[in-house]
Amino acid sequence: MSRPLNDLLSNALNAIAAHRDLIHEVYSKGRYLKNGSKSDRDAYVLHQNRIFVADGRETYRLSSFITKLFDEITQKQRLFELLGDNAGAQVNRISQLLGEYANAVFAGRIEDADQVSAHFHDACADLSDTFSSGISKLLNLTETNFAVVSSIEAKSRQNAHYLRQAGRFSDALESLDRFGIEQELGAGHCDFEPLAISYRTLISDRKAEWHTEITHLLHFFETYLYRLRAIAPDVKRFRQFANFLQQNSGYELPDLEETHHHPLWMMRDAGISPVAYSDLRDASAYEYLREIAAQLPAPPIITVRERSPGRIERSANKPTETLKLQPHHVALGRFAKAASRSSTPLSALSWKRQNFPDIGVPDEIWLLLVINSKNSHRAEFAGLRYHRIERRGASRISRNLFVQDVMVHGS
Amino acid sequence: MFERVIFQLLEGTFICRVSHPDTFDFLCDEDSLRSVEDFFAKIGRRVTKTSKESGFYLVFASYGEQERAAIRSNYSDIKNNLIPVISFFNLVIRTTGQEDILMYGTAIEADTLIGKIDQDISLRNELQSLGSRFRAASSDITQRKLLDNIFKRLVNDGYLKLANPERAIYQVTSKIEYLLDVIKFIHETDETLKIGDEQQQQENETGNLI
């Protein structure tokens, strides 16, 4: 007497869980070879549960269904896979089951009709799965460009095969329309409602998406096959030439420029670097140029120290001294001059905003520079008078003083 | 866009979907292409496609006295740079086995490449000698740094595009088709190579007999 279905299933699932490392190893290596260890017993248990298949007396391999499932999960690529071959037969099956259901309903065999309905649902699910997984694998191939093989010839063969597989999917989609399953389900000859729901959710609703993807795949495979075939002679020539270069390391390309035939590649214009200058007469560009100029570092000023007569030059290596003036130094100097000439106290902030708005120095720093200039020994700051406009912090207990502006004027 | 295309072509750039997707799309439009061609016709140049039609570049419209000097200079550059570039792509083919590396758009993963080169002493030596040819090697440089320098050089020369800086994935541009055209021409015209081919064929035939 056969054991209940649930027992078989739970045993198989337990075996998979208990021996997952062994299953992983056999999936990776391809087979298990008996070696007299404890693993032989585990392999036997897996064989009893149809997870492993005996492959001769001493070897086991993973059941092809499980291998296929793992390939699906890991998106492993194999050579010349049959992805769309089954799709046409599955469409036929759906059509046959539809006829069978109608017969059962017309004959009043309700139980048979229920059973056929369940099988119809499974058939639709199978077809949907074939399409989804097949298309997913084909899309993966387009992304990896048949990475499982390396030579151009092998890639061409793979491409031609998968072009046919994509064509099979396309044919299967067409036959779905040709059989007119949708029309039959909607014709109302008998109660097709349970079948129509399965068909609509599993197939009809996804047909447009499959159609788009298959059209894309067909286009890719055709284009890529064309490209592979076009490049094949070039690759062969390239490898020959590269081998020749390896064997003849002293080889130099011949002088060809005097040849009468000028192929297109030889006529290439290797290019120039166009340079353009600003039109300084154009007043509209002035503001823009000023912004650029403000951001440029000041040019170094080189002063040559004249050696006074009768003195030996001790630092022969350093005849010049380089001074770099930053834009804010220039601004500060000009502000000092303006303040010394001004009859009334001059606001440091207003002057800066008016004369050097794009200097790149924030107002706070500018005020700090002006305050510090008081202690500098530069001639232009000598004799200037400074008056700070301050305010106390907003808090009642704050002792912070904020300088809002500095008024400067000559003595 | 018109301006960008004009400047890119004038600078000698190869424009393809990998290297300059925006300007490539612009040139794929017939009207836009015509307007660009009209502009270049006035300065004695025209826009052409690479042999497999994956990219655009600028050529002289005629072969006159003025163009001859530029063409000679261009060929001189090719003479100096072609062999290192061929050696690089040959190294990639030998290391990864992927012949489709010579197809425009193919990706090269620098990490995978250096991983495989590290495992093989002959490939390591080949990379070292390639580094010297590219003048990218120095005494204390690591293999990885050397490879990065070569990649950088090929990106500058327009053969590769850094497609993913984080994962160091490069993509081959349409300039590869220009390189293959040059090789084809040299193969067809240089007698030395024909003798080499005959020798190779003889060796193969002898090998078959044995």
- If a residue has to be out of contact with any His (no Cβ under 8 Å at 6 or more places or on another chain) and either more than 7 Å from chain A (Cβ to nearest Cβ) or surrounded by fewer than 16 Cβ atoms within 10 Å (Cβ to Cβ) (or both) to count, how many in segment B:54-77 make the cut? 15
- Query: Given the structure, is B:G12 touching a residue at least 24 places away in the same chain (Cβ under 8 Å) and either surrounded by 14 or more Cβ atoms within 10 Å (Cβ to Cβ) or not aliphatic (A, V, I, L, M) (or both)?
  - Reply: yes
- Within the bounds of segment A:59-77, is there any residue that is over 23 Å from A:S133 (Cβ atoms) and not assigned by TED's automatic domain parsing to the domain that holds A:T144? yes
- Query: So is B:S87 over 14 Å from B:L146 (Cα atoms), assigned to a helix (DSSP H, G or I) and more than 9 Å from every other protein chain (Cβ to nearest Cβ) or not?
  - Reply: no
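One line per residue, one yes/no per condition, for (1) under 27 Å from A:K137 (Cβ atoms); (2) surrounded by fewer than 17 Cβ atoms within 10 Å (Cβ to Cβ):
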| site | (1), (2) |
| --- | --- |
| A:H19 | no, no |
| A:E25 | yes, yes |
| A:R57 | no, yes |
| A:L62 | yes, no |
| A:F65 | yes, yes |
| A:K76 | yes, yes |
| A:S95 | yes, no |
| A:G99 | no, yes |
- Message: When you check A:E182 against the structure, is it surrounded by 16 or more Cβ atoms within 10 Å (Cβ to Cβ), among the acidic types (D, E), out of contact with any strand residue (DSSP E or B) (no Cβ under 8 Å at 6 or more places or on another chain) and within 30 Å of A:Y162 (Cβ to Cβ), yes or no?
- Response: yes
- Among the residues of segment A:270-293 satisfying the criterion of being β-branched (V, I, T) and within 14 Å of chain B (Cβ to nearest Cβ), which is surrounded by the most Cβ atoms within 10 Å (Cβ to Cβ)? A:I272
- segment A:137-155: number of residues that are in a loop (DSSP other than H, G, I, E, B) and either touching an Asp or Glu at 6+ places or on another chain (Cβ under 8 Å) or of a type in the set (K, R) (or both): 3
- Report, by residue number, each residue of segment B:35-78 that is within 20 Å of the chain's Cα centre (by Cα), of a type in the set (S, T, Y) and either assigned to a loop (DSSP other than H, G, I, E, B) or within 29 Å of A:A230 (Cα to Cα) (or both). B:T48, B:T50, B:S51, B:S54, B:Y57, B:Y75, B:S76
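The values are calculated or read from the model by the stated rules, or taken from the named source; none is laboratory data. Bear in mind the structure is a predicted one, so any value in this text is a computation, not a measurement. When we count neighbours, we look across all protein chains shown, and the Cβ atoms used for this are built from the backbone with ideal geometry, even at glycine.
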